[in-house]
Amino acid sequence: MMHSFKILLALALGSLVAAEVRAQSATLLSDVTIVDVIDGTLTSGQSVLIRDGLIAEVGAEISSASATRLDGGGGYLIPGLWDSHVHIFSTPNEPDTALPLYLVNGVTGIRDMGALWPIAEQQALQARIEAGEVLGPRLILAGAWVDASPGSWPGMFLADTPDEARGVVDRIAAEGWAAVKAYSMLDGATYLALAEAAHSARLPFVGHIPERVALGTAIEARQDGIEHFGRVAMACSTVEDGMLESLRTVMAEGADLAHIFEIMASRNRIILETWDESLCDAVLARMAEARMHVSPTLGVADFYTGNWPAQDAPRMRMIPAEVREAWGRPDFRLEAMTDEVRALAEDSIALDRRTFLMAHRAGVPILASTDASFANPYLFHGFSLLDELDLYVTIGLTPREALYTATVAPPRFFGLADQDGTIAPGRRADLVLLGANPLEDLSTLRAPQLVIVGGHVLDRAALDGLETMLLDRGH
């Protein structure tokens, strides 16, 4: 698998020679307007000195005889973007496409949430990115997903009892994963044991709220982060307990998967009929108090409603032909949708979005996220993160608030020592230079002038070169 990364690097270096040279010496980026995403202020006429992959100085008057000088032309400098829920290891060669796609979209950090590669191979790529041998975004390996037998996806850790859950966490800690990820079919006792073991191992406990577990139970278990948003809206139903108990009962009786999925699909109608605003306020207040972070992946809904890009769209043409072909085949997730689910889809999506805005206003921490993967049709590495941020603004967040979910919230949640969503000395040099003020309009994110990742400077020509490479390989 690793040979393909050497090919990627060789192809990329043809257009990135200047960027590599800049990364080996100091770089002085002058005349930029620094965007403070935390308080929404702009500071113009600034310079940023980058040395050894870190920001060395920030100020109005900086000089360095040894630094390569780049004129920012008054552009707007933001911290690099993060996508907090992706899957880049679902095929042997997926990183060859995923990594440059993230960079051309200004995404300089990603959290992988579940892979089909062995952890040692994931860590090898992570190390090569950190060493500058492979050009790509910073990579957090948080995909140690734990499910009940037989597992929802290949390669999962499996636990059917509390003792098995504790043993699995020991393995996860020994292998060096960044978190423990709960998955959908765990039973309540096993889930609670998994949570306790993760906290004892000092590993973040994230993932799905299992289908038989209440959101309130997850709060009590101190789940640090939850993936996807549907279970939040379900917790605002006055009959959440009844829906959970129905599933517990049939699973205890040994129901087949078809019956289990039928019960889960019936929840959409029940939630729409029983969602309660006052109850929702109380649930969201508990989540905010517990600092339970949510990775909403709201854009996933487009797949189920058929909101797909045209086959000749640039983002489609940057995807390998075999992946485009696979996306065009019948999909098991779409085939599992009942007529009722299809009929209620727009109302269910609208309710999720209403609940999402309430969650944001209640102070529930949001991590911008997409579920991008070759295994998830029409969810694109890089492009879908910008779509997700636009959706947040459409729902009611300000551009600054949306940017916060992709620049400030992720590195702070991940506990990174050298990143916190600010542009300051000692911080990792993951930066994006824009032509217009993103606090007014996020559309400027789609045409970055510079992307700096780990101190490596990719100017517009280099970014265009990566796009051309992807288009050529996608034919």
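Annotations
- Among the residues listed as Leu463, Leu434, the single one being closer than 23 Å to Ala313 by Cβ and in contact with a Ser or Thr (Cβ under 8 Å, 6 or more places away or on another chain): Leu434
- Within the range 263-281, the set of residues being loosely packed, with under 15 Cβ neighbours inside 10 Å and in a helix (DSSP H, G or I) comprises Glu273, Glu277, Ser278, Asp281.
- Residue within the range 241-258 that is of a type outside the set (Gly, Ala, Ser), surrounded by 21 or more Cβ atoms within 10 Å (Cβ to Cβ) and closer than 26 Å to Arg361 by Cα present: no
- Residue-level analysis places Asp302 among those that are in a helix (DSSP H, G or I) and under 24 Å from Asp371 (Cβ atoms).
- Taking residues in the range 445-474 that are among the acidic types (Asp, Glu), and partners anywhere that are assigned to a strand (DSSP E or B), the pairs with Cβ atoms closer than 7 Å and at least 6 places apart or on different chains are Asp459/Leu450.
- Test: residue in the range 323-338 that is over 24 Å from the mean Cα position of the chain (by Cα), part of a helix (DSSP H, G or I) and modelled with pLDDT of 95 or more: yes
- Residues that are among the aliphatic types (A, V, I, L, M), part of a loop (DSSP other than H, G, I, E, B) and either at pLDDT 95 or above or over 24 Å from Asp420 (Cα atoms) (or both), drawn from the range 56-106: Ala60, Ala65, Ala67, Ile88
- Per the listing Val213, Val168, the residue uniquely more than 20 Å from Met251 (Cα to Cα), free of Cβ contacts under 8 Å to residues at least 40 places away in the same chain and either assigned to a loop (DSSP other than H, G, I, E, B) or out of contact with any helix residue (DSSP H, G or I) (no Cβ under 6 Å at 6 or more places or on another chain) (or both) is Val168.
- Subset of the range 175-221 [among the β-branched types (Val, Ile, Thr) and either within 19 Å of Leu416 (Cα to Cα) or at pLDDT below 95 (or both)]: Val180, Val206
- Residue that is nearest to Ser84 (Cα to Cα), among those in the range 126-144 that are assigned to a loop (DSSP other than H, G, I, E, B) and under 16 Å from the mean Cα position of the chain (by Cα): Ala142
The values are calculated or read from the model by the stated rules, or taken from the named source; none is laboratory data. It should be emphasised that the depicted structure is a prediction, and the values quoted were computed from it without experimental measurement. Quick reminder, even Gly has a Cβ in these numbers, built from the backbone with ideal geometry, and neighbours come from all protein chains shown.
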